[in-house]
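First up is the structure itself, then whatever we jot down about it.
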Amino acid sequence: MATGWERARNSWVAGSGRVKSAWTGFKEFILRESVLEVAVGLIIANTFTRVVNSMVSDLILPFVALIPIFGRNLPNQFLVLRGGPNWDKGYNTLQQAQDDGAITMAYGRFIDSIINFFAIGFVLYILARIYGFVTSDSIIKHSYKCQYCRKEISEK
């Protein structure tokens, strides 16, 4: 019959064996080429998104702000739908309105997000066209509608 110490030791040995097995499985999974490619792709995509967001915020939005209806600071434009307790004084910023409990519609952020979306899409399209020109293998696959089943079918 095993004593308390022997049972604890056996449990420890079995547990450490399971941890080693899990660690080995994790290493095999994480070091596969596809996982590393996806990780590198996500890191590059995150950096690319920051660059395009900066392009939109720092280069495009100042020109949009010249349009009289938007004013100087587009992302901070908002509309008060229902004022808070201190509404009689008015709100200078969106944060001030939200802190007061007002219900607001931040249309400036929405317009900013739409501009970012189209800018990222346009830059990705240009990169895909450049890639297709350089490698003669287009990323952009054109399609046509099948005359029999009416589904979109890739040309290639």
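What the table below lists for this structure:
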| item | result |
| --- | --- |
| Pair list, Cβ under 8 Å, 6 or more apart: the range 24-36 residue at pLDDT 70 or above, other residue open to solvent by 100 Å² or more (accessible area, probe 1.4 Å) | 35/29 |
| Which numbered condition residue 37 misses (of (1) among the charged types (D, E, K, R); (2) under 24 Å from residue 127 (Cβ atoms); (3) open to solvent by less than 100 Å² (accessible area, probe 1.4 Å)) | (3) |
| Members of the range 52-91 found to be of a type outside the set (D, E, K, R) and in a strand (DSSP E or B), listed by number | 79, 80, 81 |
| Failed condition for residue 43, given (1) open to solvent by 50 Å² or more (accessible area, probe 1.4 Å); (2) among the aliphatic types (A, V, I, L, M); (3) closer than 19 Å to residue 117 by Cβ | (3) |
| Residue ID - most open to solvent (accessible area, probe 1.4 Å), chosen from residues in the range 50-61 that are of a type outside the set (A, V, I, L, M, F, W, C) and at pLDDT 85 or above | 50 |
| Hits in the range 63-104 - residues which are loosely packed, with under 12 Cβ neighbours inside 10 Å and under 18 Å from residue 119 (Cβ atoms) | 63, 66, 67 |
| Qualifying residue in the range 101-111 (condition: modelled with pLDDT under 80 and assigned to a loop (DSSP other than H, G, I, E, B)) | no |
| Residues within the range 113-156 that are farther than 27 Å from residue 76 by Cα and in a helix (DSSP H, G or I), tallied | 12 |
| Pairs, first in contact (Cβ under 8 Å) with a residue 24 or more places away in the chain in the range 117-134, second assigned to a helix (DSSP H, G or I), C-beta under 7 Å, six or more apart | 119/52; 119/55; 119/56; 119/60; 120/49; 120/52; 123/52 |
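The values are calculated or read from the model by the stated rules, or taken from the named source; none is laboratory data. Since we're looking at a predicted model, the values are computed, not measured. Neighbour counts are summed over all protein chains in view; Cβ atoms, including those assigned to glycine, are modelled from backbone coordinates with ideal geometry. With ligands, DNA and RNA removed, areas are computed over all heavy atoms of the protein, side chains included. Shrake-Rupley method; radii C 1.70, N 1.55, O 1.52, S 1.80 Å.
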